[in-house]
Amino acid sequence: MTEDPCKHLTAITHVSLPDDPVCEECIITGGEWLHLRTCQTCGKTLCCDSSPAKHASKHFKTTGHPVMASAEPGERWIWCFVHEQILGY
């Protein structure tokens, strides 16, 4: 049985992606990232949980912004931290 997408995912009508694909926090701290995610509330691009600093998850925990989009070339999905759901677009 497949769950319906949560309200946070279905509320996204336009996926925002970065012009400059870098982790904004890693640039400040001199860190490194593996994959990037863009917050769909504020547009900030941050590193994923496979990266050492896990800035995207930290961003969710401090701001409550629920949805991130993969900023990786060829990937077209959004993730809800609240409901731990993914949705392709």
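FYI, it's all coordinate maths here, none of it is from the lab. Since the structure is predicted, the reported quantities are computational estimates derived from the model, not experimental observations. As a convention, Cβ positions derive from the backbone with ideal geometry for all residues, glycine included, and neighbour counts pool all protein chains shown.
Below are the figures for this structure:
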item: Matching residues in segment 9-25 - criterion: being surrounded by fewer than 19 Cβ atoms within 10 Å (Cβ to Cβ) and either in contact with an Asp or Glu (Cβ under 7 Å, 6 or more places away or on another chain) or of a type in the set (A, V, I, L, M, F, W, C) (or both); result: ALA11, ILE12, VAL15, LEU17, VAL22
item: Segment 67-89: number of residues that are of a type in the set (D, E, K, R) and under 13 Å from THR45 (Cβ atoms); result: 1
item: All positions within segment 9-25 that are within 18 Å of LYS58 (Cβ to Cβ) and either without any contact (Cβ under 8 Å) to a residue 40 or more places away in the chain or not in a loop (DSSP other than H, G, I, E, B) (or both); result: VAL22, CYS23, GLU24, GLU25
item: Residues that are of a type in the set (S, T, N, Q) and touching a helix residue (DSSP H, G or I) at 6+ places or on another chain (Cβ under 9 Å), drawn from segment 41-70; result: THR41, THR45, SER51
